[in-house]
Amino acid sequence: MAYNAGQIPIYYNHPNGSAYHQARSIGFQNYVDRPHTPRYFFGHGLSYTHYDYTNLTLSQTQVAPGANLKISFDLKNSGSVAGTEIVQLYLSDRYASMTRPVMELVGFARVPLKAGEQKKITFTVEPSVMAFLDKNMQWKIEKGDIDIKVGASSNDIRCEGHFNITEDLFIEGRNRAFSAKANIE
């Protein structure tokens, strides 16, 4: 959400190297009377308790473009009251051949937890969620490094990791995955 109309459009998955992620390169640190950042970042929410994200693990760090990747982590309600956390999984392509979003939401899960309770969350990610239209308008899964960000919002990242897609693959758009499946244990 913007502070005022002069910031519009402002969104979490803007092109890499633009908007508020540029920091000082846009000429000045803030507007005269407002910051460049949104008032509430994408996925922002409030809770009466606190959650700890730990033990981020990947099933593999080298992923073929047709293979699945499992991303797991532990989520614990470290507060004194029950609550529900919306965990969010973001991916970011480090060096793409086309301008890509600074981060993309590829999965989320609503996780109810009692006070002190811990659960393991596992996202199954198909590399095709990172497919994009190349200059020839073909859907391409591009080889390269992908950053993983798990957190409570696009600005409240609690765990980070990365994996590598080992080779390029062109796919049909109808076969592209749009989100990662979540499993809560």
Q: Could you check how many residues of the stretch 139-167 are open to solvent by less than 70 Å² (accessible area, probe 1.4 Å) and part of a loop (DSSP other than H, G, I, E, B)?
A: 6
Q | Conditions (1) surrounded by 13 or more Cβ atoms within 10 Å (Cβ to Cβ); (2) in a loop (DSSP other than H, G, I, E, B): number failed by Ala115 | A | (1)
**Q.** Qualifying residue in the stretch 59-78 (condition: open to solvent by less than 60 Å² (accessible area, probe 1.4 Å), under 15 Å from Arg176 (Cβ atoms) and touching a helix residue (DSSP H, G or I) at 6+ places or on another chain (Cβ under 6 Å))
**A.** yes
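Residue by residue through the stretch 118-138, note down the ones that are farther than 22 Å from Gly79 by Cα, in a strand (DSSP E or B) and of a type in the set (S, T, N, Q). Before you say what the answer is, go through the steps one by one.
Initially, the stretch 118-138 is screened for residues farther than 22 Å from Gly79 by Cα, giving 122-138.
Add one more test, that the residue is in a strand (DSSP E or B), and what stays is 122-125, 132-133.
Thr122, Thr124, listed by residue number.
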Q) Taking the stretch 95-112 as the search range and keeping residues that are without any contact (Cβ under 8 Å) to a residue 60 or more places away in the chain, farther than 17 Å from Val150 by Cβ and not aliphatic (A, V, I, L, M), which one is surrounded by the fewest Cβ atoms within 10 Å (Cβ to Cβ)? A) Tyr95
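When you check Leu91 against the structure, is it touching a Lys or Arg at 6+ places or on another chain (Cβ under 7 Å) and part of a strand (DSSP E or B), yes or no? Lay out the reasoning, then the answer.
On the way: touching a Lys or Arg at 6+ places or on another chain (Cβ under 7 Å): no; part of a strand (DSSP E or B): yes.
Spelling it out, it is not the case that Leu91 is touching a Lys or Arg at 6+ places or on another chain (Cβ under 7 Å) and part of a strand (DSSP E or B).
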Q: Mind listing just one residue for me: the one in the stretch 80-106 that is β-branched (Val, Ile, Thr) and at pLDDT 95 or above and, of those, farthest from Asp134 (Cα to Cα)?
A: Val81
Q: Please determine, by comparing only the residues of the stretch 42-54 that are touching a residue at least 60 places away in the same chain (Cβ under 8 Å) and either open to solvent by 70 Å² or more (accessible area, probe 1.4 Å) or among the polar types (S, T, N, Q) (or both), which one is farthest from Lys135 (Cα to Cα).
A: Thr49
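The values are calculated or read from the model by the stated rules, or taken from the named source; none is laboratory data. Predicted model only: the values in this text are computed from it and were never measured. We place every Cβ from the backbone using ideal geometry, glycine too, and count neighbours over all the protein chains shown. Just so you know, the surface numbers come from the protein's heavy atoms only, side chains and all, with ligands and any DNA or RNA stripped out. Shrake-Rupley method; radii C 1.70, N 1.55, O 1.52, S 1.80 Å.
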